[in-house]
Amino acid sequence: MEFSSHSRVWIYQSDRELTASEAQEAQVLLDNFTRSWTAHNNQLLAKAEIRYNRFLILFVDESQAGASGCSIDKSVHFMKQLEHHFGINLFDRFNLAYRDGEIVRSAPRQQFEDLIKEGKINGDTLVFNNVVQNITDLNTKWEVPFKESWHMQIFGDLI
């Protein structure tokens with residue numbers, strides 16, 4: 001199934017890495033949800049994927065039917081069910097993800113600030129911009145150097 005580059009995306013970041021078996025189970029649950037996801041009784045052209053066993057990403061190609069407030073509410077409700085099922089937090093926007101070499105890590109805001117002050121996170125550290133809104137931005141602006149991200153506006157004075 002080919003999705004338009006303008007397809008909407010919603011990224012939910014777990015506060016911990018899912019185990020391989022949890023990721024596999026979560027993918028099945030996500031696939032079941034996206035197959036039945038509707039907006040005003042219209043089937044959405046939707047899919048989901050898990051990246052790095054940490055990011056749960058929903059995609060909707062709105063060329064067929066657009067996501068509505070009610071359909072977005074359905075997805076939020078579903079993601080809250082996943083949180084409960086797996087014992088994870090998907091809604092803490094200040095649990096910040098970054099790369100430590102090949103490993104994706106996350107840290108609460110204060111710990112993230114401490115890592116910057118210690119020099120463990122710097123302007124070249126890759127960070128994740130989970131507020132991207134479409135596939136094009138997911139592919140080009142999601143995983144970017146700290147110095148080119150929104151993180152710089154908030155934490156840049158610590159570098």
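Readers should treat all values here as calculations from the given coordinates under stated rules, not as data from a laboratory. None of the values given here were measured: they were computed from a predicted structure. Positions of Cβ are backbone-derived with ideal geometry, glycine not excepted, and every protein chain shown enters the neighbour counts.
When you scan segment 34-41, do you find a residue that is of a type in the set (Phe, Trp, Tyr) and over 26 Å from Pro145 (Cβ atoms), even just one?
Checked segment 34-41: at least one residue is of a type in the set (Phe, Trp, Tyr) and over 26 Å from Pro145 (Cβ atoms).
Within segment 22-45, does at least one residue satisfy the condition of being under 23 Å from Asp137 (Cα atoms), exposed (fewer than 15 other Cβ atoms within 10 Å of the Cβ) and either of a type in the set (Asp, Glu) or in contact with a helix residue (DSSP H, G or I) (Cβ under 8 Å, 6 or more places away or on another chain) (or both)?
yes
I need a count of the residues in segment 42-71 that are free of Cβ contacts under 8 Å to residues at least 40 places away in the same chain and out of contact with any strand residue (DSSP E or B) (no Cβ under 6 Å at 6 or more places or on another chain).
Narrowing segment 42-71 to residues free of Cβ contacts under 8 Å to residues at least 40 places away in the same chain: 42-44, 46, 48-51, 53, 64-66, 68-71.
Adding the requirement that they be out of contact with any strand residue (DSSP E or B) (no Cβ under 6 Å at 6 or more places or on another chain) leaves 42-43, 51, 53, 66, 69-70.
Residues meeting the conditions: 7.
Kindly indicate whether Gly123 is more than 30 Å from Glu62 (Cα to Cα), touching a Lys or Arg at 6+ places or on another chain (Cβ under 6 Å) and surrounded by fewer than 17 Cβ atoms within 10 Å (Cβ to Cβ).
So Gly123 passes the test.
Could you tell me which numbered condition Phe59 fails, if it satisfies all but one of (1) within 19 Å of Val132 (Cβ to Cβ); (2) surrounded by fewer than 18 Cβ atoms within 10 Å (Cβ to Cβ)?
With (1) within 19 Å of Val132 (Cβ to Cβ); (2) surrounded by fewer than 18 Cβ atoms within 10 Å (Cβ to Cβ) applied to Phe59, the lone miss is (2).
Mind checking which pairs have a first residue in segment 108-126 that is basic (Lys, Arg) and a second that is assigned to a helix (DSSP H, G or I), Cβ under 8 Å, 6 or more apart or different chains?
Note: pairs meeting the criteria are Lys117/Leu158.
I need every pair where a residue in segment 134-159 that is of a type in the set (Asp, Glu) has its Cβ under 9 Å from the Cβ of a residue that is part of a helix (DSSP H, G or I), sequence separation at least 6 or different chains.
Every condition considered, the pairs that remain are Glu148/Lys141.
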